[in-house]
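Note sheet for the following structure.
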Amino acid sequence: MKYEIIYEDDTELAEFEAINKGHRQDVIVVIGDRRFRLYITDIVRLHQDYDSEVEYNGYFQNEPNMIIVKEASNKEIEKTIERLVKEGFFDMLGYSK
C-alpha cells in the first residue's frame, strides 16, 4: 500500500527536540485521500504523562491516534509506521462496529 509520512516541522532541530522530549505531535500519514494525524510518544514520556494526569485529574485519557515507539526519532517513527501500514492499522482508525 502506498503512503506518505509528513512532518509538519521537518527540521533536525524538531527531531532533536522530539527525541529529548519523548514525543511528536506533527506527524501525518497520508494514505490515498485519508490523512491521519498521529501522536508519537515513547514509554518514558507516556509514563510521565500518565502520572501527572492521574495525580491532577484522577484518570488518564490517551491522545487520539497515539503510537508508542522506542524513541521519537524519525527513523523509529518511519519504521513503526511502515509496519502499521502493512498490518492494516490505519484501515481500523476512524471506524466503529
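Of all residues in the range 65-83 being in a loop (DSSP other than H, G, I, E, B) and under 9 Å from the mean Cα position of the chain (by Cα), which is farthest from residue 37 (Cα to Cα)?
Here the answer is 72.
Can you name the residue in the range 1-28 that is small (Gly, Ala, Ser) and assigned to a helix (DSSP H, G or I) and is also nearest to residue 77 (Cα to Cα) among such residues?
If we take residues in the range 1-28 being small (Gly, Ala, Ser) and assigned to a helix (DSSP H, G or I), then 18 is nearest to residue 77 (Cα to Cα).
Return yes when residue 65 is among the polar types (S, T, N, Q) and under 16 Å from residue 90 (Cβ atoms) and no when it is not.
yes
Scan the range 41-69 for residues that are modelled with pLDDT of 95 or more and either of a type in the set (Asp, Glu) or touching a Gly at 6+ places or on another chain (Cβ under 9 Å) (or both) and report the count.
11
Being under 20 Å from residue 63 (Cα atoms) and among the polar types (S, T, N, Q) is the filter; apply it to the range 8-31 and report the residue that is nearest to the chain's Cα centre (by Cα).
Only one residue fits best here, namely 25.
Pull up the range 48-79, narrow it to residues that are under 17 Å from residue 29 (Cβ atoms) and small (Gly, Ala, Ser), then point me to the one that is surrounded by the most Cβ atoms within 10 Å (Cβ to Cβ).
72
The values are calculated or read from the model by the stated rules, or taken from the named source; none is laboratory data. None of these values were measured; they are calculated from a predicted model. No Cβ is skipped: glycine too gets one built from the backbone with ideal geometry, and neighbour counts run over all protein chains shown.
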